[in-house]
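Notes follow the structure.
The values are calculated or read from the model by the stated rules, or taken from the named source; none is laboratory data. This one's a predicted model, so the numbers in the text were calculated from it and none came from an experiment. Because the Cβ atoms are built from the backbone with ideal geometry, glycine has one as well, and the counts that use them run over all protein chains shown. The accessibility values were calculated without ligands, DNA or RNA, using every heavy atom of the protein model including side chains. Shrake-Rupley method; radii C 1.70, N 1.55, O 1.52, S 1.80 Å.
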Amino acid sequence: MRLHHKLYGWLQANPAKVDLITTLLAFAVLALPFLAADPVSFVLSAALVAPQAWRRTRPAASGALVAAACLVHVLVLDEPVPSQVLALATVYSLAAYAPRWASLGGLALALFGGILFVLEYWAGAGAAGAAGLPVLTIGVVAINALVLAAWSFGDLARTRQLAVRALEDRARRLEVERQQERELAAADERNHIAREMHDIVAHSLSVIITQADGARYASAQDPAVAGATLATIADTGRSSLRDMRRLLGVLRGDETASTRPLPSLADLETLVDTVRRSGLDVGYLVQGAPGRPLPAGAELTAYRVVQEALTNVLKHAGPAASAAVRL
């Protein structure tokens, strides 16, 4: 089965080589035997065989040459030759590969040629006259039935090729769409990570800088303040470091990276306490209770809004500022 698939794949990938090989075989079988015995039949047979080499690449030109050769056959030779069967292959090729006008034109010429073939070779063989009319009629019907069958198979091949191309085009479009979706998803994730990094770094550094400045000024009068302030700085730094490791672990795809849950509304009180230790007067009030659990993304968004607001107060509101958080 694997060899069969390889052979089919090679045949589909190399149509020009296949046509050349089949043309050489047809020449050896259908034309070469007449070389010594009947040079005229040899030349006319070769004229029928040669155009088969480009029956797929240039089907209209190949069909025109075969039609001309068949007409010369009927006019010159008194007996049919085996190479005339290639007219059916030409009809198939026109139906499968040529433009529609060439396909229908080739079918009409082949049907007319079938009538000429019967009248030339069968009528001259004793089938003329009223008694031979049924025989001639049967001959015309039989030959033209073969022509119609060859054209029908070629037209089915054309339909299959169009369907395959449509499927290939659809597959390419789907692949492009999937690639675009992946790129959009990656861009969205990069933006999300950038926002997370900004929130973590900006808030943590603001708290740390505020604490460090306060400790520097307060330690001159009360050295005990420095210890508490350094503890707050250390806690803030550790929390930020954990968040940074989580984000970097996601970027690296590290399965062993910390998977600590993202901040939620339950962490607001811890956030407020951290900011209070920085010296900012922050009020915190919770009213009511949620009717149903919020999505994790919504809770993270609310947490980041409060975090950014308190960070801005620390950075820009001055030494005597205060803030109030109401949930």
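State the Cα centre-to-centre distance between segment 82-124 and segment 1-55 in whole Å.
If you average the Cα positions of each part, the centres end up 18 Å apart.
Based on the inverse mean of 1/r over its pairs of different Cα atoms, what is the Kirkwood hydrodynamic radius of segment 6-50, in Å?
Value: 11.5 Å, from the Cα pair sum.
At a 10 angstrom cut-off on C-beta neighbours, averaged per residue, how do the peptides 295-304, 144-153 rank from highest to lowest?
The densest-packed peptide leads the list: 144-153, 295-304.
Let me cross-check residue 93: its accessible surface, 1.4 Å probe, with only protein heavy atoms counted, in Å² to the nearest 10?
0 Å²
Charges on Cβ only, +1 for Lys and Arg, -1 for Asp and Glu, centred on the Cα centroid of the chain; of 96, 294, 112, which one is farthest towards the dipole's positive end?
The one lying farthest along the dipole's positive direction is 294.
How high is the FRET efficiency between residue 76 and residue 12 when r is their beta carbon distance and R₀ equals 45 Å, given to the nearest 0.05?
0.70
Using every Cα-Cα pair within segment 1-148, state what percent have a distance larger than 27 Å. Can you show the working numbers first?
Working: 3201 of 10878 pairs.
Counting every Cα pair in segment 1-148, those more than 27 Å apart make up 29 percent.
Going toward the positive end of the dipole of the chain, with +1 on Lys and Arg Cβ and -1 on Asp and Glu Cβ, which of 229, 135, 205 do you reach last?
It is 229.
Counting Lys and Arg as +1 and Asp and Glu as -1, each charge on the Cβ, what is the dipole of segment 4-141 about the Cα centre in debye, to the nearest 20?
Once rounded to the nearest 20, the dipole reads 700 debye.
Treating the Cα atoms of segment 76-122 as identical point scatterers in vacuum, please give the log10 of the normalised Debye intensity I(q)/I(0) at q = 0.19, 0.26 Å⁻¹, two decimals.
-0.63, -0.94
Grab the beta carbon distance between residue 37 and residue 138, set R0 = 41 Å, and tell me the FRET efficiency rounded to 0.05.
Taking R0 as 41 Å, the efficiency between residue 37 and residue 138 is 0.85.
Over the heavy atoms of residue 6, what accessible area does a 1.4 Å probe trace out, to the nearest 10 Å²?
Roughly 130 Å² of residue 6 is accessible to a 1.4 Å probe.
At 0.36 nm per residue, minus the direct Cα-Cα distance, what do residue 85 and residue 189 gain on full extension? Give it in nm, one decimal, please. Write out the running numbers ahead of the final one.
On the way: separation 104, 0.36 × 104 = 37.44 nm, distance 6.57 nm.
Here the answer is 30.9 nm.
Under a point-charge model restricted to the Cβ atoms of Lys and Arg (+1) and Asp and Glu (-1), what is the dipole moment magnitude of the chain relative to its Cα centre, in debye to the nearest 20?
So the magnitude is around 140 debye.
Pop out the carbon and sulfur fraction of the accessible area of the chain as a percent, whole number, probe 1.4 Å.
Using a 1.4 Å probe with all protein chains present, the chain comes out at 66 percent carbon and sulfur.
So how tilted is helix 100-117 from the main axis of the chain? Cα-based, degrees 0 to 90, rounded to 10.
The two axes meet at around 20 degrees.
Any chance you could run the full-extension gain for residue 116 through residue 312? It's 0.36 nm times the residue separation minus the Cα-Cα distance, nm to one decimal.
Contour length minus the Cα-Cα distance gives 60.9 nm.
If I take all pairs of Cα atoms in the chain, what percentage of them are more than 30 Å from each other?
The share of Cα pairs beyond 30 Å in the chain comes to 63 percent.
Per the helix-only calculation at 222 nm, which mean residue ellipticity applies to the chain, given -39500 (n - 2.57) for every DSSP H run of n ≥ 4 and division by its residues, nearest 500 deg cm²/dmol?
-24500 deg cm²/dmol
Please report the accessible area of residue 308 (heavy atoms, 1.4 Å probe, ligands and nucleic acids excluded) in Å², nearest 10.
We get 60 Å² for residue 308.
Once the other residues with Cβ under 14 Å from the Cβ of residue 64 are scored (Lys, Arg +1; Asp, Glu -1), what is the net sum?
Details: positive: 55, 58; negative: none.
Charge balance in the 14 Å sphere: +2.
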